[in-house]
Amino acid sequence: MEIVNKVLCPKTSGNIIAGYDYWIIPFSANTSFPLGYYSSQGNVGITAMGLPLNISYYYSSLKNIAGLNNYFRISFDAPRYQEIIKEKGLKKLQEEKNKLSNLLNLQQSLEQKFSYQQYSLNSLPSREVLDSKLAYYKSQYGANAPNLPYTPSFDTLKSLSQPAAPNYSDSIQTVTTLLNKYDSVASKANEYKNQLEEIRKQVNSVQNKIEMLKDPQQLLYDNPYMKKTQAFISGIKSLDIGLCYPNYSSFLVNGTTLKGINMEWEKKFYFAFTYGKTINTLMTTNNIIQNQLQTGRNLYNFFDFSNVKDTRKIIAVKAGLGKKESSHIYAGILYGLGLPSYLSASVPGYIEKNLVFELDGRIAFNSSNSLDLIYSKSSLFQNGLNEDPKTSPSDFLFSKFRSNAALVRYTSQINRTKTKFIASGRLIDPFFNSYGVGFMRSDNLRYELKI
């Protein structure tokens, strides 16, 4: 029932706005009657089954305006999910501290009981002495010997008893009673000893968990309370469906606007994936800060989010070892399809194929100094325009054709003054082209020094 309630009654926040405009339109067709249109936009946060999502959209019935008119986006709220994991971890941590307190109290009680049994055991003759006495009386008097006083010849056995042992009258019945008492006390002491060992193991385990989770950031990585699904989801850095802004790679996917899906996942292993239709950001204003696209009318921008002909399809994958902010080695590839130009009124009879390969490496010398080395190679294949019709994009990718790109960047930070130095150099060959990059000047060699 609780699961059903979480699905049917999720936690929500945000706002939804709907309205209708009549006669007040910035431009309209030459008509003799007033025009009107309705629009709606929303930005809603939903938490269902422990997964926080952000949903945003904009819709307008006015179709004859320029720009990205209608769009939607579903985003996974990674920071919020990490906070949820931390909150659950801290709650479990407090439970472990309470558990540790109870275990320590139980351990103290068991140690007292064990010490008492040990004292009782030490006050009795040893098991060897009692066994020897019993064997002696059986050999001297038989199994039915009466109670007899202690004989002087038994002094050697008495000397083997524990110090301060009481002077018991020796007989088979008396020795047997002492043996039973010895076994009972020894068994109880052994029982408390085993319980103490188990309690000490539990105490050490809880103390190790508490020590491990003193740093709240560790709750996202080495948290022993997370399930496997939670451990996987906590590695998602970004996940967007709809209008996306992928920006995780210098020469594969950078500064472009996409209608599709984009995700990044990172733990000890890194994986990024992008698929969809790009939107030409040269003809729109990309306002990432407001998390939406603000566009204006111009001579070239006559398409909106739902217009599929003025787009290029791309798929990009990047993966490797290490984290983005520390030492890593990644490899990525992009494949795209699109028209050579979207400015002409006539549609060309052929399409382009774009293939890009990238190697991305970073050496983190310490927490303040790092060196980035990135190399990329691209090919642009046009059916019907290439000299050899049998040539494929991969042949161009491994050719000597001038379609390379490289970036070297050194970053150093002075923590005391909070000053960062970035020195970089970038080389882009004249014919390097990537559909996943919003804008990149080719045939360019650039050096930068930023402070």
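Could you list, in sequence order, the residues of segment 243-254 that are buried (at least 17 other Cβ atoms within 10 Å of the Cβ) and in a strand (DSSP E or B)?
LEU243, CYS244
What's the number of the condition LEU93 fails, among (1) farther than 17 Å from SER205 by Cβ; (2) in contact with a Leu (Cβ under 6 Å, 6 or more places away or on another chain); (3) of a type in the set (A, V, I, L, M)?
LEU93 satisfies every listed condition except (1).
Return the only residue of LYS313, LYS318 being modelled with pLDDT of 95 or more, surrounded by 13 or more Cβ atoms within 10 Å (Cβ to Cβ) and not aromatic (Phe, Trp, Tyr).
Only one candidate qualifies: LYS318.
Taking segment 98-112, which residues are open to solvent by 50 Å² or more (accessible area, probe 1.4 Å) and either of a type in the set (D, E, K, R) or touching a residue at least 60 places away in the same chain (Cβ under 8 Å) (or both)?
LYS99, LEU104, LEU106, GLU111
Restricting segment 255-283 to residues that are more than 19 Å from the chain's Cα centre (by Cα) and part of a loop (DSSP other than H, G, I, E, B), which is modelled with the highest pLDDT?
THR256
For GLU95, which of the numbered conditions (1) within 30 Å of LYS277 (Cβ to Cβ); (2) modelled with pLDDT of 75 or more; (3) surrounded by fewer than 17 Cβ atoms within 10 Å (Cβ to Cβ) fails to hold?
(1)
From the set of residues in segment 210-242 that are open to solvent by less than 60 Å² (accessible area, probe 1.4 Å) and part of a helix (DSSP H, G or I), which is modelled with the highest pLDDT?
Within segment 210-242, the match that is modelled with the highest pLDDT is ILE233.
Write out, first by first residue and then by second, each pair whose Cβ atoms fall under 7 Å of each other, whose residues are 6+ apart or on separate chains, and whose first residue, in segment 174-194, is part of a helix (DSSP H, G or I) while the second is open to solvent by 40 Å² or more (accessible area, probe 1.4 Å).
So the pair list comes out as THR174/TYR168; LEU178/TYR168; TYR182/ARG127; ALA189/PHE114; ALA189/GLN118; TYR192/LYS113; TYR192/PHE114; LYS193/PHE114.
How about segment 385-451: which strands (runs of 3 or more DSSP E) wholly inside it have at least 1 residues that are within 23 Å of LYS318 (Cα to Cα) and at pLDDT 85 or above?
Fully inside segment 385-451 and qualifying: 404-414, 419-428.
Which residue pairs have Cβ atoms under 9 Å apart, sit 6 or more places apart or on different chains, and have a first residue in segment 330-348 that is modelled with pLDDT of 90 or more and a second that is loosely packed, with under 14 Cβ neighbours inside 10 Å and of a type in the set (A, V, I, L, M)?
Hits for this filter: TYR330/LEU321.
Determine whether ASN15 is farther than 30 Å from THR229 by Cβ, open to solvent by 80 Å² or more (accessible area, probe 1.4 Å), at pLDDT 70 or above and not in a loop (DSSP other than H, G, I, E, B).
yes
Only one residue in ILE374, ILE363 is within 39 Å of the chain's Cα centre (by Cα), open to solvent by 70 Å² or more (accessible area, probe 1.4 Å) and at pLDDT 90 or above. Which one?
Only one candidate passes the filter, namely ILE363.
Select, from SER115, SER169, SER123, SER132, the only residue that is farther than 30 Å from LEU53 by Cβ, at pLDDT below 70 and either open to solvent by less than 80 Å² (accessible area, probe 1.4 Å) or under 54 Å from the mean Cα position of the chain (by Cα) (or both).
SER169
The values are calculated or read from the model by the stated rules, or taken from the named source; none is laboratory data. These figures come from a predicted structure and were not determined experimentally. Ideal geometry is used to build each Cβ from the backbone, glycine not excepted, and the neighbour counts take in all protein chains shown. Heavy atoms of the whole protein, side chains included, go into the accessibility calculation; ligands, DNA and RNA do not. Shrake-Rupley method; radii C 1.70, N 1.55, O 1.52, S 1.80 Å.
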